[in-house]
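Step one of this worksheet: look at the structure below.
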């Protein structure tokens with residue numbers, strides 16, 4: 001037999017499913033859509049990025065960071081030299097010339113931003129739960145991340161479950 005608290009949970013969920021903005025999608029399942037930096041072939045990117053074992057950073061931001069590590073009289077020259085690099089070999093040469101950084105720790109590539117569904121943040125039954133997840137885990141996402149609706153109609157089992165939740169009168173059970 002179903003506990004009263006479970007019936008109440010399902011009644012509240014049904015109300016939310018029936019009243020939430022469905023983003024013009026029948027029986028939406030919510031996920032998080034965010035921007036991701038993706039590598040593209042040389043010459044096909046919108047910008048260049050530098051990567052190491054821990055992060056990916058825009059070339060200009062990387063240049064600013066490195067410029068802060070060198071003597072002040074060299075900062076502008078180093079920053080400019082890094083920003084003019086077209087490939088990893090050139091970047092490594094500049095780093096070897098001006099810094100104590102291990103040049104082999106860095107790679108540079110052409111990139112662009114693309115919107116992607118975050119693979120670890122899918123399957124929210126309500127927009128509210130997706131947005132709460134986003135708030136609690138904002139440190140994992142960019143500022144552009146948002147709740148995004150997918151349709152359950154391609155998944156008959158999920159769609160049937162959502163329809164059962166939405167149409168059952170849970171208070172009468």
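The values are calculated or read from the model by the stated rules, or taken from the named source; none is laboratory data. None of these values were measured; they are calculated from a predicted model. Virtual Cβ from ideal backbone geometry, glycine too; neighbours counted across all protein chains shown.
Would you please name the residue that is nearest to residue 151 (Cα to Cα), looking only at residues in region 1-23 that are under 28 Å from the mean Cα position of the chain (by Cα), touching a residue at least 24 places away in the same chain (Cβ under 8 Å) and loosely packed, with under 14 Cβ neighbours inside 10 Å?
Step by step, filter region 1-23, then rank; the result is 23.
Mind listing just one residue for me: the one in region 115-138 that is out of contact with any strand residue (DSSP E or B) (no Cβ under 8 Å at 6 or more places or on another chain) and part of a helix (DSSP H, G or I) and, of those, nearest to residue 19 (Cα to Cα)?
It comes out as 128.
In region 98-121, what count of residues is obtained for those that are closer than 28 Å to residue 69 by Cα and in contact with a helix residue (DSSP H, G or I) (Cβ under 9 Å, 6 or more places away or on another chain)?
Residues that pass the stated criteria total 12.
So is residue 101 part of a loop (DSSP other than H, G, I, E, B), surrounded by 12 or more Cβ atoms within 10 Å (Cβ to Cβ) and free of Cβ contacts under 8 Å to residues at least 60 places away in the same chain or not?
So residue 101 passes the test.
Conditions (1) at pLDDT 95 or above; (2) within 16 Å of residue 109 (Cβ to Cβ), marked per residue:
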{"site": "53", "(1), (2)": "no, yes"}
{"site": "61", "(1), (2)": "yes, yes"}
{"site": "64", "(1), (2)": "yes, no"}
{"site": "80", "(1), (2)": "yes, no"}
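Filter region 118-139 down to the residues that are under 30 Å from residue 26 (Cβ atoms) and loosely packed, with under 13 Cβ neighbours inside 10 Å, then identify the one that is farthest from the chain's Cα centre (by Cα).
123
I need the strands (runs of 3 or more DSSP E) fully contained in region 1-85, keeping only those with at least 1 residues that are more than 26 Å from residue 112 (Cβ to Cβ) and either out of contact with any helix residue (DSSP H, G or I) (no Cβ under 7 Å at 6 or more places or on another chain) or not assigned by TED's automatic domain parsing to the domain that holds residue 95 (or both).
The qualifying strands (runs of 3 or more DSSP E) are 28-39.
Restricting attention to region 139-173, which residues are in contact with a strand residue (DSSP E or B) (Cβ under 9 Å, 6 or more places away or on another chain) and part of a helix (DSSP H, G or I)?
Within region 139-173, 140, 152, 158, 159, 162 meet the criteria.
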